[in-house]
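**Student:** The structure follows.
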Amino acid sequence: MVSSSTAARLRYIAVEGPIGVGKTTLARRLAQSLDAQLVSENPAGNPFLTEFYRNPKQYALPAQLHFLMSRRASMCEMAKSAGSSAWVADFLFDKDKLFASLTLDEKQFALYQSIASELSFDLLVPDLVVYLQASSDVLFDRIEKRGKLSEQSIASSYLSRLQNAYKEYFHDYCDTSVLIVNATEIDFADNEGDYAGLLEQIMAVKAGRHYFNPSPVIA
């Protein structure tokens, strides 16, 4: 049971990590536990994503701009109810630039930067970011199991670059509290013990940077 004081302190949690690590699954469960609204970026709603994974050079810019506008719209909706609602999001708005830096060429990135700079003002800052990490083998296994058509063409080189970009990004991240979780060995989707252990850690986090390297709970 989550105490009311803890829930009040964590009004906005963002869950982050590379593709396949379980961001949306964890965000959905946290939203239920905290009686909060789930804010999801819905990759399936991006009409350019499948084409991007097949032909990155041609579709990188429209795919990235679609995500940028969608994430900005979600943040604007959150701002409208600031102070009266709690949220758990499966994305951090600032990470949009991280993906753009990986997928766009120099000219495209310059255009993206000019647009993003006009949209990144007056954004809510999370009370906590939960950054999920997992090995490449685990990520590919989870991607395969969930069977999203748009993800089946993801190249191992792209996923590796994405993992490294996340590590570099969070190495210097200091905008708010961060809990870095090694999610390689745990199943917070279907194992109640694993989820309960992770939830306990999340609820205990104060200011600063924290690490959680759990062992799986035998059901």
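**Student:** If each residue's Cβ is checked for other Cβ atoms within 10 Å, how do Asp122, Asp187 rank with the fewest at the top?
**Tutor:** Result, fewest neighbours first: Asp122, Asp187.
**Student:** Ok, one more. For n ≥ 4 DSSP H runs only, could you compute -39500 (n - 2.57) per run for the chain, divide by its residues and tell me the 222 nm figure to the nearest 500?
**Tutor:** When only DSSP H runs of four or more count, the value is -16000 deg cm²/dmol.
**Student:** Quick one: which of Lys23/Lys206; Lys97/Lys167; Lys57/Lys167; Lys95/Lys167; Lys57/Lys97 span more than 19 angstrom between C-alpha atoms?
**Tutor:** Cα-Cα > 19 Å for Lys23/Lys206; Lys57/Lys167; rest within.
**Student:** Any idea what angle helix 192-204 forms with the longest principal axis of the chain, computed on alpha-carbon atoms, 0 to 90 degrees, nearest 10?
**Tutor:** 90 degrees
**Student:** Answer with one residue from Val138, Met75, Tyr211: the one whose Cα lies farthest towards the positive end of the charge dipole of the chain, charges on Cβ with Lys, Arg +1 and Asp, Glu -1.
**Tutor:** After comparing all options, I get Met75.
**Student:** What list of ³J(HN,Hα) values in whole Hz, one per residue of the stretch 68-79 in order, does the Karplus curve 6.51 cos²θ - 1.76 cosθ + 1.60 (θ = phi - 60°) give from phi, with Gly and Pro shown as x?
**Tutor:** Values per residue, Gly and Pro as x: 4, 5, 5, 5, 4, 4, 4, 5, 5, 5, 4, 4 Hz.
**Student:** Please list 3J(HN,Hα) in residue order for the stretch 104-116, calculated via the Karplus relation 6.51 cos²θ - 1.76 cosθ + 1.60 where θ = phi - 60°; whole Hz, with x for glycine and proline.
**Tutor:** Working through the residues one at a time gives 9, 7, 4, 5, 5, 5, 4, 5, 4, 4, 5, 6, 4 Hz.
**Student:** Can you tell which of Leu65, Val39, Ser156 lies farthest toward the positive end of the dipole of the chain, using +1 and -1 charges on the Cβ of basic and acidic side chains (Lys, Arg; Asp, Glu)?
**Tutor:** Leu65
**Student:** For a quick protection proxy, order the peptides 80-88, 193-201 by their average other-Cβ count within 10 Å, most packed first.
**Tutor:** The peptides rank, most packed first, as 193-201, 80-88.
**Student:** Calculate the dipole size of the chain relative to its Cα centre from +1 charges on Lys and Arg beta carbons and -1 charges on Asp and Glu beta carbons; express the result in debye to the nearest 20.
**Tutor:** 260 debye
**Student:** If R₀ is 41 angstrom, what is the calculated FRET efficiency for the pair Ser160 and Leu124, using the beta carbon separation as r and rounding to 0.05?
**Tutor:** That gives a FRET efficiency of 0.85.
**Student:** For the stretch 115-219, with only Lys/Arg (+1) and Asp/Glu (-1) charged at the beta-carbon, what is the dipole magnitude about the Cα centre, in debye rounded to 20?
**Tutor:** 180 debye
**Student:** Quick one: what Rg and Dmax do you get for the stretch 4-212 from the alpha carbons, in Å?
**Tutor:** According to the Cα coordinates of the stretch 4-212, Rg and Dmax are 16.7, 49 Å.
**Student:** Which distance in nm do the two modelled labels at Ala204 and Ser135 give, with both placed 7 Å along the Cα-to-Cβ direction?
**Tutor:** Going from the Ala204 label point to the Ser135 one covers 2.6 nm.
**Student:** Okay, moving on. For Val130, which sequence-distant residues (separation of 5 or more, or a different chain) have an amide H within less than 5 Å of its own amide H, given hydrogens modelled in the peptide plane?
**Tutor:** For Val130, whose amide H was placed from the backbone, the distant partners under 5 Å are Ala14, Val15, Glu16, Leu179.
Here, each number is a calculation from the coordinates, and none is a lab measurement. Just so you know, these numbers come straight off a predicted model, no measurement behind them. Please note: Cβ atoms are built from the backbone with ideal geometry, for glycine as well, and neighbour counts cover all protein chains shown.
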